[in-house]
Amino acid sequence: MKTEILVIDDNADIRFLICSILKENGYAIRSAANYSQALEEINAKLPDLALVDIKLDKGNKDGIDLLKLLMIKNKIMPVIMISGHANVQVAVEAIRLGAYEFVEKPFTSEKLLNYVKRGIEVTNIRKEKNNVENKLFHSFDFIGNSSKILKIKDTIEKLAAAESRILIMGQTGTGKELVARKIHKSSSRSENPFIVFNAALLHEKKFEKQLFGEEYGNGSIDYGVLEKANNGTLLLDEASEIPFEIQSNILRTLTDQKFKRINGITDIQVDIRIISSTSKDLKKMIEEKKFREDLYHRLNVVPIYLPPLQSRTEDIPLLIKYFKKKIAEINGVPEAEIDENNDLLYSYNWPGNIRELRNLIERVTILSLHEDRKDTNKILTEILKENPQSLSNKDVLDNTLAYPLKEAREQFETNYLTNQLKKNHGNISKTADFIGMERTALHRKLKSLGIKGFN
């Protein structure tokens, strides 16, 4: 498929000349003479590269306004700005706003083609870099067949046709952003932006600017995430970290669907679906006067709670199979041979949840490529034991030496049977067969040890 270039210049002769040069060199060309024509072309389909004249007739908007618009729609798109009478200040401003290059008229065809070729090459490199960085996470499916996960999958399907605000709760690494992306992709907004605003990563002084944007005296604008997410979905990641004094501004925006940029006087109308996530207890924060109760109720129209991996260990074999295949595909290496019945996988606390399991599989996959590290289960065991405080049964087993024989045996049996049940997805019959007990005898043993929640 040919690279498509949009040429925007109000001078018909120059526009014809540029289009002719590019066509002769194998590029697909579209053109526009002013802002309104350019807007129609951009809205119809984004080009691969744009050549934009700074000064445009027939309207009060110029090439800089088009540059801002293109950067909102695709910030890695190469935009080459052209001008015959611009000063250094305008050139610097264009580059600051995201222009790939600034070219002064007159220019040679060789110079133009060189800029175009380099712009496309740089963009391809950026795309590849983004794919490598994002593919590992963003392309993952929401995996699990446990009752808790099936219920969440059902909720996601029901939310596809709704516009309700959603609050996703769960520990770090349970997949909150993944669920938010799945909801967005299944919604009517799927073709529009999905923007993540991570409140935990921002300095308090930068919140307002990042959210609402800012206008400057020279006419330039920094757009906030609310505008970037317009017509799409905005994920307020770790909403608990939003400063208390800014929460009222967010509440007002949710209520009115409009806001003003910093230093701005004009209301900006937006149509956004808000999904929020948190790893903290917002109700407790409300009691401590750290989170607004009215904002909480605005955000928490549909709550989704993601369980920790420790409480859904029956999904571990399925997750391991999925991650083994996915990580091998992404890295172009063979799948690691990992024993899904390794006891440590079920006794481990998984403080990092699904993210930690994914990282573990990736690490084992890479390490097992070395000739002297072929024993994947040995590698897995070594990695898990690097964090011994997370081995939930280790302390219990070590401490049995401090108890009389009867109590020590009870502690060992409790942990042993609990792990075996987890490995067999809570199935009593399979567990009884594996450990060599009659099903009725196992039932009696579980009852005597006080182990509940299995059938």
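The values are calculated or read from the model by the stated rules, or taken from the named source; none is laboratory data. Given the structure is predicted, the values throughout are model-derived calculations rather than measurements. Here Cβ is always computed from backbone atoms with ideal geometry, including for glycine, and neighbour counts include all displayed protein chains.
Observations on the structure shown:
- Considering VAL116, VAL132, the condition of being at pLDDT 90 or above, among the hydrophobic types (A, V, I, L, M, F, W, C) and either in a helix (DSSP H, G or I) or closer than 29 Å to ALA328 by Cα (or both) is satisfied by VAL116 alone.
- The number of residues in the stretch 193-205 that are in a helix (DSSP H, G or I) and not basic (Lys, Arg) comes to 4.
- GLY264 vs. criteria in contact with a strand residue (DSSP E or B) (Cβ under 8 Å, 6 or more places away or on another chain), assigned by TED's automatic domain parsing to the domain that holds GLU157, of a type in the set (Gly, Ala, Ser) and over 21 Å from GLU177 (Cα atoms): yes
- Any hit, the stretch 253-271, residues being buried (at least 18 other Cβ atoms within 10 Å of the Cβ), modelled with pLDDT of 90 or more and polar (S, T, N, Q): yes
- In this structure, LEU282 does not satisfy being touching a strand residue (DSSP E or B) at 6+ places or on another chain (Cβ under 9 Å) and either closer than 23 Å to GLN420 by Cβ or of a type in the set (Asp, Glu) (or both).
- From the list GLU245, GLU227, the one residue that fits, being part of a helix (DSSP H, G or I) and surrounded by 14 or more Cβ atoms within 10 Å (Cβ to Cβ), is GLU227.
- Residue check, SER276 assigned to a helix (DSSP H, G or I) and in contact with a strand residue (DSSP E or B) (Cβ under 6 Å, 6 or more places away or on another chain): no
- Among the residues of the stretch 161-182, those identified as surrounded by fewer than 23 Cβ atoms within 10 Å (Cβ to Cβ) and part of a loop (DSSP other than H, G, I, E, B) are ALA161, ALA162, GLU163, SER164, ARG165, GLN171, THR172, GLY173.
- Neighbours by Cβ (under 8 Å, 6+ apart or cross-chain): first from the stretch 107-119, within 16 Å of ASP53 (Cβ to Cβ); second β-branched (Val, Ile, Thr) and assigned to a helix (DSSP H, G or I): LEU112/ILE18; LEU112/ILE21
- Scope the stretch 193-222; condition under 25 Å from PHE244 (Cβ atoms) and of a type in the set (Phe, Trp, Tyr); matching residues: PHE197, PHE207, PHE212
- Among the residues examined, GLU208 qualifies as closer than 25 Å to LEU67 by Cα and either assigned by TED's automatic domain parsing to the domain that holds ILE64 or assigned to a helix (DSSP H, G or I) (or both).
- When residues of the stretch 46-78 are limited to those that are basic (Lys, Arg) and in contact (Cβ under 8 Å) with a residue 40 or more places away in the chain, the one surrounded by the fewest Cβ atoms within 10 Å (Cβ to Cβ): LYS58
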